[in-house]
Amino acid sequence: MKELCYPFDGKYIRKNRKKLKKQLLSDGSQRIKKKIAVLGGSTADDVVFMLELFLLNFGIEPEFYLSEYNKFYEDAMFGTPDLDSFNPDIIYIHTTSRNITMLPDNTSDSPEQIEERLNAQFDYFKQIWINLAKKFACPIIQNNFELPLCRHSGSYDGWGYYGKSAFISRLNVKMSDYARRINGFYINDINYLSAACGLEKWHDPQAWYLYKYAMSLEVIPDLAYSIACIIKSIYGKNKKVIDLDLDNTLWGGVIGDDGQEGIEIGQETAVAQSFSEFQSFIREYKSYGVLLAVCSKNDRENALLGLNHPETVLKPDDFVSIKANWESKDRNIEEAASELNLLPESFIFVDDNPAECAIVESQLNGVSVVNLTSVGSAMYNLSRSGFFEITSISADDIKRTEMYAANAQRAAQQKSFASYSDYLLSLDMHAVIEDFQPVYLQRITQLTNKSNQFNLTTKRYSDKDMEAVCASREHIRLYGRLTDKFGDNGIVSVVIGRCKGDALHVELWLMSCRVLKRDMELAMLDELVSQCKKRGISKIVGYYYKTAKNSMVSELYGSFGFELMEKAENGDSVWSLDLSCYENKNHVIKKESEKDHDHE
């Protein structure tokens, strides 16, 4: 829903929240359902209302538990029957600087006493996080703290021993240090958010005195959107690709008219500098695993001339797809998505032409559009949009562009083979398929929350959930890592099954879209059957739960030779495989151990 995409009109959203919610719930979208506990240090009703709208728009249908006013500590430390029975999937702790109780208030205190106050205040919150994590084993989102609007001592307040702003800044640093060490603990950065909105706009004493809102009602949509972005990132709903126009988007001018020497990029003019900064800004997304693509109405030769300009920051090798032609841009985005085995909704489209933006937005449902009216506004809108909210970074994220570029090479090579089997054999594929290892748990958990197309049950796992699976003797766990002559694809497949009697019930089967149609699923099945036989399992029961995105694997079990046992009206199905006469199905991928792989 466009009204809920950044930049949004917060006043309009607050006024029309009931109508917007009704429209969202009636749009036919399939959403994942999550239970969210909000433990508030101040009034949080409007926060919950706004958060619900943004989550619905992100494909998440929330159910909320809201603590009583300022009972966050009691709920966290002592519990309540309602919270315990609610059993949240995520906990959001809505505290602000109003909940800091140990701020310096006496200039006669020694620096050591101020330090004791700081440590005591941090420990107060740390106890809450530890207790909640132990009890509910779910992700926790904690606000850091905004600076005060009013100061007693001018700039000294920001750096002196007795400065409240200095105390808050040091407390925020301690919280950040904790978040980096603890999986499943995330900071909602209201210190930045309040600064971006403006402290005068953020703080509203009357809202506090009258209603106990710790910030103005005007900024609550901004706060709720920030929280929603973290939650949708945890559940793998980030965008994946920035698809960029060229002329007057990555450089000033029109390459076809002005020639390579005539476009503005580099340090010679203010306009050239602005586009150089924009290219540097975009290129940094690549280091976080975001894919970059080009979608431009241009001759390909001219497009490459522009990207090979001596002053450009972005070069052709930085892009996984370059569509420079005279086709409609929505069609080019669809083709790029198909070639990358991604859904169009994974794309952000950036263009200076409002007409092109409008066409793409109207033709491709789910593609987000950024109209570049100026370099500065485009960078700010991309950064505030939360398209690429980071909650974890794996080694595979960092290498993602390299992996997709290698996929393009594989696709090009396929055309030279008459037989698809010959093509697969030519790739010289090697797979490591083993039980989970601690070093890969972050990537495995990340995959369970990101993969949608090739995910038969679409079950999601938190860090704590995955740790429990790893410790369980009832489960068979497999991860698959695939390499070929073009490079390392990383961990691309995960299977989790629970043993019950003589049967293994598959709770999760997923694979990255990067390696579809490469027979990796057959190699995983062969190893799964082998592990089952070692445990005396004689049957595998597989489940397919239909979603809007995973229809491509609805018959996967059937292609494996499973027998259809049940099929519901909604498309869900149950399958069974007798292992007594099973013969291995993979004939193109060589299996090796992790030790052998690392040695190579």
Cβ crowding within 10 Å averaged over residues, with 100-107, 268-275 ranked highest first: 268-275, 100-107
So, for the range 415-544, what is the accessible surface per residue at a probe of 1.4 Å, expressed in square angstrom? 36 Å²
Tell me, what % of the accessible area of the chain is carbon and sulfur with a 1.4 angstrom probe? 48 percent
Calculate the length of the line joining the C-alpha centroid of the range 153-170 to that of the range 550-582, in whole Å. 63 Å
What aspartates and glutamates could a cross-link reach from Lys164, if we take a straight Cα to Cα line under 16 Å and drop same-chain neighbours fewer than 8 places away? Asp105, Asp109, Glu112, Glu115, Glu116, Glu146
Quick one: if you stick a label point 7 Å off each Cα along the C-beta vector at Thr269 and Ser153, how many nm between them? 5.1 nm
Taking the Cα centroid of the range 109-137 and of the range 315-390, what is the distance between the two, rounded to the nearest whole Å? 44 Å
Proximal lysine pairs, the range 196-302, alpha carbons under 26 Å, eight or more residues apart or interchain: 9
One finds the C-alpha centres of the range 73-91 and the range 179-250 to be spaced, in Å, by 24 Å
Contour minus Cα-Cα span, Tyr380 to Asn106, at 0.36 nm per residue, comes to 94.6 nm
accessible surface per residue for the range 175-290, probe 1.4 Å, DNA/RNA/ligands not counted, whole Å² -> 41 Å²
Out of Ala358, Leu441, Asn308 - ranked by how far each Cα lies towards the positive end of the dipole of the chain, with unit charges on the beta-carbon of charged residues - the top one is Leu441
Label-reachable residues, the range 101-125, where backbone N falls under 19 Å from a point 7 Å from Met77's Cα toward its Cβ: 101-103, 116-125
Taking the highest mean first, how do the peptides 550-557, 478-485 order by number of other beta carbon atoms within 10 angstrom per residue? 478-485, 550-557
Listed peptides 64-70, 112-118 by packing density, highest first (mean Cβ within 10 Å): 64-70, 112-118
Per 0.36 nm of contour for each residue apart, how much would the distance between Ser392 and Tyr69 grow if the chain were fully extended, relative to their Cα-Cα spacing? 113.1 nm
Evaluate E = 1/(1 + (r/R0)^6) for Tyr209 and Ser328, where r is the Cβ-Cβ distance and R0 equals 45 Å; express this FRET efficiency to the nearest 0.05. 0.20
Given a 1.4 Å probe, the accessible area of the range 12-54 per residue, as a whole number of Å², is 49 Å²
Based on Cβ point charges of +1 for Lys and Arg and -1 for Asp and Glu, what charge dipole magnitude is obtained for the chain about its Cα centre, in debye rounded to the nearest 20? 1700 debye
To the nearest 20 debye, the range 433-477 has a Cα-centred charge dipole, built from +1 on Lys and Arg Cβ and -1 on Asp and Glu Cβ, of 180 debye
With N denoting the number of residues in the range 298-402, provide Rg(C-alpha) divided by 2.2 N^0.38 Å, to two decimal places. 1.14
Pick the calculated semi-axes √(5λ) of the Cα gyration tensor in Å for this structure from (i) 47, 38, 21; (ii) 42, 35, 23; (iii) 46, 28, 22? (ii)
Helical contribution to [θ] at 222 nm, DSSP H n ≥ 4, -39,500 (n - 2.57), averaged over the chain, rounded to 500: -12500 deg cm²/dmol
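The values are calculated or read from the model by the stated rules, or taken from the named source; none is laboratory data. The model shown is predicted, which means the values in this text are computed figures rather than measured ones. Every residue, glycine among them, receives a Cβ derived from its backbone with ideal geometry; neighbour counts consider all protein chains shown. To get the accessible areas, we keep the full protein, side chains included, count just its heavy atoms, and leave off ligands, DNA and RNA. Shrake-Rupley method; radii C 1.70, N 1.55, O 1.52, S 1.80 Å.
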